[in-house]
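> Got a structure for you, questions after.
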Amino acid sequence: MNTYLTLLIILPVFAAFLMYFFRKADNWINIAIMSFVTLFGTVSSLVMLFSQGSEVVALGGWKPPYGIVLVGDRLSLIFVALIYLITYLIAQFGGIERTKVNDHKSGALFMLLTAAAAGMILTGDLFNFFVFMELAAISSYVLIAKGGCRSSYTGALKYIFTGGLASMLMLLGIGILYNTTGTLNIAHLMLRIGLVGDSLRWLALGLVLCGILLKMEVFPFNLWVPESYKGAPAGMKIVLGSILSTVGGYTLIRLYPILIQNPGLIKMLLPLALLSLILAELAAYREKHINRLLGYSSAGQMALVMLAILFGGRMGIYAAIFIVIAHALAKAVLFFVGAHFKKSTDSSMWESYRGLSKTSPIGAVLFTVAALSLTGIPGMMGFWGKLSMIGAGLASAKYFSIGIILIITIVEGVYFLRISGTLYQSNESDVKAKASYLLIPAVILVLIIVLIGFWPGCISKIINGGVSAAERSSEYAKLVLDYLL
Amino acid sequence: MISIGTMIILAVVLALITRVFLMKHKLLSWVLFSAYTAFSVFVLLKLYGNWNYFETMNLSYLVGRINMRPGFMNKPLGWFFSFFVMAMSFLNSFFSMGFSKSIHSRNIVPHWLMILAASLTVFFTKDWLLFIIGWETLGWASFFIIMGGKQKKYKDSMSYYFFSLVSGMLLIAAVWMIGIKFRTLNIHTTTRSMIILAKNTPWQAFPILLMLTLSFLIKSGAYPFHIWAPRAHKSAPADFSPFISGIMIKFGIFGLLLYVIPIVSKGYAGYSIFGMPVFAWVFSWLGIITSAIATVLAFSENDAKRLMAYSSVANAGYIITAIFLGTALGIKGGLLHAFNHMIFKAVIFMTIAAVVYRTGETDMNKMGGLAYKMPITFMTFLLGIIAAAGIAPMNGFVSKWMIYQALLGQKHYFMTVAMFFASTGAFLYLYRALHAIFLGQIREVHEREVKEVPFLMQIPMWIGMILMFGLGVFPGYLLRPMMPLMKTFGSSISESLNVVQGSVGSLNTLFSTVIFILGVVIAAAIFFLSAKTHKTPMMDNYTSGEDPEEWNVTPNKYQFSYGFYEPITKMFAWALKRSVDKAYFKASYILKIIGREINMIFTDHNNWGYAALLGLLAMIIGGLFL
Amino acid sequence: MFTILYTLSLVLALIGIFGMISQKNLIKILISLNILETGVNLFLVTAGWSAEANVPIITGKLGLPSAVNFVDPLPQALVLTSIVIGLGVTTVALALILRYYRKTGNLTLEPSEFQSGGER
């Protein structure tokens, strides 16, 4: 089984280079390669997840604290499976036309991005994480710019500068961490972080978090969000919304044992997350451009995830994992359906989608279900996340934050149902539904959302496993540094 | 026996079927709807008396340390509410079958079935989790029904959805506080624990009770939250308005009776005033204020549906007042009034829907004289407003009498007077509605086109008339089955068919009906036997001596009830000026402005965002020197 | 000595951050990013440096006394990687700036409220 874990990273990279040789061939070869690789990733990570095998691969045979390790435990495998599922859907269904991951250049970048995202999740080494993060970032800069319009360039440039700044800060933090603890292995760091003095720890972790906050689109690092979401090609929007932010969320969950050893840091991050939540959702409340709106909503949801992690405890982590997954699934649906609407009406302003339910009834239903799931309405997956989240907040007596979250949820519900309502208003127009194949992946994802919404028990065991893996630093450390302990 | 869970799943499945396959066959889906409601009435009737019934589902789902093991339980309170929901929906379905016009949206049946599923969930659930699920499902399902695919109705439906979300959020927060405190979400066991908590440490129980109460009051349209009611009623499809008014408003009442009232009346040991806890006293007064304000607002209303919506809010106010008194009589009066109101307000809205069906109007200034054209509808409406105004032989009288008795029994004289004011006002604006729609001069357009509604739509009206009169004469037919329900609120009086026990006396409804009929007979005798009568054309006395041509209107364009209560409206102009509606609009507007400013943070290049970044960095680096 | 090196490299990084936030010209922002990068890299190298230790190369020919007294080789490896990444980012950014310039004719980012066309 060990090889699978490595393959999850190697195979997409290999596919990326393989595509170069098919540059003159038809697109379907590229699509076939991408779908094969991502489907393989989905299936093998799911198999590993369900066979309960946690495993650690020490790359190059170097023992963990010295060399780089890949850790596939109950937490990281959930997320690998999730991102591979979404990349598969993009590659198979979205990649044909609109999403511009079809030609060999974009396809190669997309595969690199997949590899980098999987690497960020699987790696057990902080610097390696940084490298994968940069790999993902560079591919996504180019892919955003592939949109080809003005806001694509604006968004990509903003993303480059914010991303460059954040990643350099993160590197600085990594340097300080290495200097003070003498290790970059995350498991080792969990054990050793207590040795560092308070103020230095604050500085180092604060800087490291900058990079993660960028991926999670938390406030001062999310200034690129609206432009990038607006300008990116449709497939890239899904990557931004459901993969990169998911990875950010995962990393913060993974660093939770380190985080809770620093109450001061939590005190600083809590207002930041609240501010981010309020700003993002209020900006979305007024937004008329659907992709920018969805971008703001991603930022808001990720702020929710961050809050859930900061609330802490088993319930908080549980809520965080649930919200991350629910958000990734729902956001992918929204972007797929959004791309379909855009194709049909040739406009991105949601007000021009009036009466689309007649043209594309399934699309309207899918959009509504995903939107309700993001709001946290029962019957959809998001409800359980929000429910546990509020429970976690109240259990840790963070009443003020919970108040804000409840108010913001209302705002969120209103602006999402406003769009759904617009879809269902009657309108005399003869719009024809185009690119309906984009609805196939959305249907699959919505079925998952509704299934989990009605029967959360079906994944609750897996998620609880993830919670245990995330919450107990001893478990993770034992897994990675078995021979040391 | 079919379990409640099966009934709920059946409703959801039927909703899916009608939504997916039967979009083009409206009549067929209404028939399915009707069959489902009839079936559930049957199932519920078999369930009556089986108060130990329960079922449990195992979701094997754990949130935190609380195992989610939802289930259903048959309690008298839930049984009564769900029985009325199903029975009213069944009656309504006949009406809707006839109503099924081309403009009638196809989305109604599936969403209505979802609402039925949600209401069964809410009424029978054993734990809070399913309660929340049902509660929030009501919101979006109603949103789509009320909007009905029309752009101009979007805002009204959104106001309903907004308040529904607020209510849901408050509920979730309150439920979690209960869950964290007692490590279980079971409604019935936590009631007992809450009573003990409220007795020993009222300040700990206070926030939970407050949030729950607010959540429920929002759903029943109490004062600062009443603004959704007229909007939702106005915009809803004409045959859904009876349901909103009859049932949806009662969800809040149900919630209060389920959880808040038992705790407040039995255990709450906070400060007390006039012999009752301050908590209950404040909300009793809120009920009175609600009904007074709704009455004042109804005076100046020209739209029939909005007027009746305000009337519903006022009635919800009476019920809230009565149940917060906490005495057995108050709760009995409140419950009886809730059920009576379900009947008569649903019937009134059906008649309005019938008028809409024939004329397409809800603006009362554009109607008049329809009594000659639609006699059955007129009769139903007349009996309905008699019941709503609480006049003798109809059912509304009994329950209002009981509420007054409960207020007087606790010596709340101020409340009694205030409520009396609201009740009198109710008679005034209801009569105005009767006059404007059915009496007076008929319009030329209506003269030619309007006729009585088809028989299918008359069925619920006839049944409604019989119910209103029958329960007015023999309230025991409703009070006797309610005895197990009243037992849970600590009253064990055995009811007789026509004698209602109050606090300072008893009321023989049969006797008062006989008196009433005697009065009618005597008046008729005087009318027919005394001085000779002769018919005059309407125009002779219609304008009370005024000459309409002086005002540049022809007699048949003149609407007598225009500006009917202008003096009263003027009297309350100061109150109407500062309306809550405006405050809500202002808040929404401010939110949009803030949103725009925030958008600028994200779109400008050199801006506050970077300053914030710098600030964050300063914080991180500053930590080094602390 | 260490303090001076640390401080200088951090000051360099701060200059870079200041430049990134205060400058409007895209090229200048990129240069600031590079300054920040250099500062961070210097910091990392400094972290592994020691005045008394030898270069971390194990060869018999140099005749070094033992393999114990080496400077830490890891930061140097990290810095190498980071320099390469920095190069990549700079290249991509320059290419994008060029594209942006060709598309819009200026080198500053404008508020997008006023952007027209290119609806996506």
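No value in this document is a laboratory result; all are computed from the given coordinates. All values derive from a computational prediction rather than experimental measurement. Neighbour counts are summed over all protein chains in view; Cβ atoms, including those assigned to glycine, are modelled from backbone coordinates with ideal geometry.
> Projected onto the charge dipole of region A:1-261 (+1 at Lys/Arg Cβ, -1 at Asp/Glu Cβ, origin at the Cα centre), which of A:Pro12, A:Leu223, A:Ile212 gives the Cα projection farthest towards the positive end?
A:Leu223
> With each run of n ≥ 4 DSSP H residues scored as -39500 (n - 2.57), what mean residue ellipticity at 222 nm is computed for chain B after dividing by its residue count and rounding to the nearest 500 deg cm²/dmol?
Rounded to the nearest 500, the figure is -22500 deg cm²/dmol.
> Evaluate the charge dipole of region A:180-285 about its Cα centre and quote only its size in Debye, nearest 20, assuming +1 on the Cβ of each Lys and Arg and -1 on the Cβ of each Asp and Glu.
So the magnitude is around 200 debye.
> Within 10 Å of each Cβ in A:171-180, how many Cβ atoms from other chains are there, averaged over the peptide?
6
> In nanometres, what is the gap between the two model label sites at B:Val417 and A:Ala58, each 7 Å from Cα along Cα-to-Cβ?
In this crude label model, B:Val417 to A:Ala58 measures out at 8.9 nm.
> Just to confirm the filter: which trypsin sites (Lys or Arg not before Pro) across region A:422-476 are DSSP coil and have at most 15 other Cβ within 10 angstrom of their Cβ?
A:Lys432, A:Arg472
> Under the rule of -39500 (n - 2.57) per DSSP H run of 4 or more residues, summed and divided by the residues of chain A, what mean residue ellipticity at 222 nm is obtained, to the nearest 500 deg cm²/dmol?
-25000 deg cm²/dmol
> Next up: Specify which residue in the list A:His289, A:Gly403, A:Thr345 is farthest towards the positive end of the charge dipole of the protein assembly as shown, using unit charges on the beta carbon of Lys, Arg (+1) and Asp, Glu (-1), about the Cα centre.
Final value for the positive-end residue is A:Thr345.
> If r is the Cβ-Cβ distance from C:Glu52 to A:Asp198 and R0 is 45 Å, what FRET efficiency results, to the nearest 0.05?
The pair C:Glu52/A:Asp198 has a calculated efficiency of 0.90.
> Could you give the size of the charge dipole of region B:4-518 about its Cα centre, using +1 on the Cβ of each K and R and -1 on the Cβ of each D and E, expressed in debye and rounded to the nearest 20?
680
> Any idea what the alpha-carbon Rg over 2.2 N^0.38 Å comes to for chain A?
Relative to the rule-of-thumb radius for its length, chain A sits at 0.91.
> Take the Cα coordinates of region A:86-211, assign each an equal point scatterer, and use the Debye formula without solvent to give log10 I(q)/I(0) at q = 0.12, 0.16 Å⁻¹.
One equal scatterer on each Cα of region A:86-211 leads to -0.55, -0.83.
> Determine the gain in length on full extension of the stretch B:Ser492-B:Met23; use 0.36 nm per residue of separation and subtract their C-alpha separation, reporting nm with one decimal.
163.8 nm is the gain from fully extending B:Ser492 to B:Met23.
> Set the Förster radius R0 to 22 Å, insert the Cβ-Cβ distance between B:Val499 and B:Ile459 as r into 1/(1 + (r/R0)^6), and round the FRET efficiency to 0.05.
Efficiency at R0 = 22 Å is approximately 0.10.
> Would you work out which of B:Tyr413, B:Ser272, B:His446 lies farthest towards the positive end of the dipole of region B:4-518? Charges go on Cβ: Lys and Arg +1, Asp and Glu -1.
The residue sitting farthest along the positive end of the dipole is B:Ser272.
> Please compute, over every Cα-Cα pair in region B:159-199, the percentage with a separation greater than 17 angstrom.
39
> If you average the alpha carbon positions of region A:376-396 and of region A:107-140, how far apart do those two centres end up, in angstrom?
31
> Additional query: How big is the C-alpha Rg of region B:4-518 next to the rule-of-thumb value 2.2 N^0.38 Å, as a ratio?
Expressed relative to 2.2 N^0.38 Å, the Cα Rg reads 0.93.
> Kindly express, to the nearest 10 degrees and within the range 0 to 90, the angle between helix B:413-438's C-alpha long axis and the longest C-alpha principal axis of chain B.
Between the helix axis and the principal axis of chain B, the angle is about 60 degrees.
> Which value, in debye to the nearest 20, describes the size of the charge dipole of the protein assembly as shown about its Cα centre when Lys and Arg Cβ atoms bear +1, Asp and Glu Cβ atoms bear -1, and nothing else is charged?
Computed charge dipole of the protein assembly as shown: roughly 920 debye.
> Between the helical axis of B:278-299 and the dominant principal axis of chain B, each derived from Cα atoms, what acute angle in degrees is found, rounded to the nearest 10?
40
> Further question on the same structure: Provide the packing ranking of B:174-183, B:86-95, i.e. peptides ordered by the mean count of other C-beta atoms within 10 Å per residue, highest first.
In descending order of packing, they fall as B:86-95, B:174-183.
> Subtract the Cα-Cα distance of B:Met379 and B:Phe528 from 0.36 nm times their separation in residues, and report this length gain in nm to one decimal.
Extra length available between B:Met379 and B:Phe528 comes to 51.5 nm.
> May I pose another question? Once each part is reduced to its C-alpha centroid, what is the distance from region B:302-376 to region A:169-242 in angstrom?
Value for the Cα centre distance between the two parts: 60 Å.
> Take peptide B:170-180, look around each residue's Cβ out to 10 angstrom, count Cβ atoms belonging to other protein chains, and average those counts.
5
> Starting from the Cα gyration tensor of region A:1-261, take the square roots of the eigenvalues, sort them a ≥ b ≥ c, and report rounded, prolate or oblate (rounded when a/c is under 1.5, otherwise prolate if a/b is larger than b/c, else oblate).
Oblate, since a/c reaches 1.5 and b/c is not below a/b.
> Which of the peptides B:201-211, A:444-454 is most tightly packed, and how do the rest follow, judged by the mean count of other Cβ atoms within 10 Å per residue?
In decreasing order of mean packing, B:201-211, A:444-454 become A:444-454, B:201-211.
> What do you get for the angle between helix A:27-50 and the principal long axis of chain A? Use alpha-carbon atoms, 0 to 90 degrees, nearest ten.
Helix A:27-50 and the main axis of chain A meet at about 50 degrees.
> Mind checking the mean number of beta-carbon atoms from other chains within 10 Å of the Cβ atoms in C:100-110?
3
> Any idea what diffusion coefficient the protein assembly as shown gets from Stokes-Einstein, in µm²/s, Kirkwood Rh on alpha carbon pairs, 20 °C, 1.002 mPa s?
Approximately 65 µm²/s, per Stokes-Einstein.
> With no solvent and one point per C-alpha, what does the Debye sum give as log10 I(q)/I(0) for region A:263-454 at q = 0.08, 0.12, 0.13, 0.14 Å⁻¹?
Values returned for q = 0.08, 0.12, 0.13, 0.14 Å⁻¹ are -0.26, -0.56, -0.65, -0.73.
> Same structure, new question: If R0 is 35 Å, what FRET efficiency do you get for A:Phe17 and C:Thr3 from their C-beta distance, rounded to 0.05?
Working from the Cβ atoms, E equals 0.15.
> For the pair B:Ser588 and B:Asn52, how long in nm is the line joining their label points, each one 7 Å along Cα→Cβ?
5.3
> Another question about this same structure. I'd like the distance between the alpha-carbon centres of region B:414-459 and region A:258-330, rounded to an integer number of Å.
Here the two parts' Cα centres lie 53 Å apart.
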